[in-house]
C-alpha cells in the first residue's frame with residue numbers, strides 16, 4: 001500500500017475520531033442539561049404539591065374553626081383534591097366535597113355574581129345556605145379527616 005494512502009487513511013481515521021468525540025461531548029452536554037431541567041421541574045412540582053397540601057390543611061382548619069363558609073371551603077377543597085388525590089373525592093368522608101360542589105357549581109361567583117340580578121343572587125344564597133346546613137356535620141367531619149390525612153409525597 002502506498003505511503004500517501006496510509007497517511008490519508010490515518011488522517012481520515014483521526015478526523016472521524018475527533019468528529020465522534022465532538023458529537024459525544026455535545027450529546028453529553030444535552031443530556032446533562034436535560035437532567036437539570038428535569039430535576040428543576042420535579043422540584044417545582046414537589047413544592048407546588050406541598051403548597052397545595054398546606055392549603056388543604058389551612059382550609060380544613062378554617063372549616064373546623066368556622067372561619068370560612070362551608071360552600072366556599074367545599075369548592076376550594078374539591079379543586080385542590082382534583083390535583084392532589086382525586087380518588088379521595090369518591091371515598092367517605094371526603095365524598096361530601098364533591099357532592100356540595102356538584103350542587104353549587106352552577107351558581108355565579110366573583111364578577112359574575114356582582115353583575116347578576118340581586119333577586120337571583122338572593123335565591124342562590126338561600127339555596128347555598130340550605131346545602132351548607134344539610135351537609136354541615138359531614139363537611140366538618142370530612143375537614144377534620146382531611147386535615148389529618150397523610151398525603152403521600154410521591155403520588156401525583
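Read-outs: derived from the displayed coordinates by stated rules, not from any lab. The model shown is predicted, which means the values in this text are computed figures rather than measured ones. A quick note on method: Cβ atoms are made from the backbone with ideal geometry, for glycine too, and the neighbour counts reach across all protein chains shown.
One table, with the values for the structure above:
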{"quantity": "Where only C-alpha atoms are counted, convex hull volume of the chain per residue in Å³", "calculated": "178 Å³"}
{"quantity": "Cα gyration tensor shape for the stretch 28-88, rounded if a/c is under 1.5, else prolate or oblate", "calculated": "prolate"}
{"quantity": "Residues 61, 28 arranged by fewest to most Cβ contacts within 10 Å", "calculated": "28, 61"}
{"quantity": "Cα gyration tensor shape for the stretch 105-156, rounded if a/c is under 1.5, else prolate or oblate", "calculated": "oblate"}
{"quantity": "Footprinting exposure proxy for 55, 34, 71 (fewest neighbouring C-beta atoms within 10 Å first)", "calculated": "34, 55, 71"}
{"quantity": "Inter-part distance where the stretch 44-58 and the stretch 87-108 are each reduced to a Cα centre, Å", "calculated": "20 Å"}
{"quantity": "Fewest-first sequence of 132, 122 by Cβ atoms within 10 Å of each Cβ", "calculated": "122, 132"}
{"quantity": "Two-site FRET efficiency, residue 3 against residue 24, from Cβ-Cβ distance with R₀ of 25 Å, rounded to 0.05", "calculated": "0.20"}
